[in-house]
1. About its Cα centre, what dipole magnitude does the range 58-125 give when the only charges are +1 on Lys and Arg Cβ and -1 on Asp and Glu Cβ, stated in debye to the nearest 20?
2. Once you have the Cα-Cα distance between Thr42 and Ala100, take 0.36 nm times their residue separation minus that, and quote the gain in nm to one decimal.
Amino acid sequence: MANAIGQIMLIDAVFSFDSIITAGGTAKYVEIMIAAVVIAMTVMFLFSPAISGFIHKHPTLKMLALSFLVMIGLSLIMEGWNAEAAHELNLKNYIYFGMAFSFSVEMLNMVMRKRMAKNRVVELNEPIIKEEKANGYSDMAK
């Protein structure tokens, strides 16, 4: 668990550094952007253990998030290739709808799993007695 938290904090630091570079390049008031990035980085560092625990408890969300990243990456490639065609096809609308639908299905699955775990009934099995055969006959035939 500590290793996963360290990895998440490293990822947060990388994304925060990326945000600083982006903010510095696009900011009119650099001081406000620096303050915003520092606040965002602090919030990420504070909540990363809770988020890490939640993701560790629900690994299907990790796969869903990774598939979203792949979908966004493919969308960026398509927009870079031909931005006008991607805009005419309303590509972003389809992607956002697919993401929202997938996320809502996963939330329903999580609720269903939680309810099934709460209402779990233990079923007892009948004991199985192995019969010892002597001379080819069971106990009843002796």
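Nothing in this text is a laboratory measurement; each read-out follows from the coordinates by a stated rule. Note that this is a predicted model, so its numbers are computed, not measured. Positions of Cβ are generated from backbone atoms using ideal geometry, with glycine treated the same way; all protein chains shown enter the neighbour counts.
1. For this selection, approximately 620 debye.
2. Result for the pair: 18.1 nm of gain on full extension.
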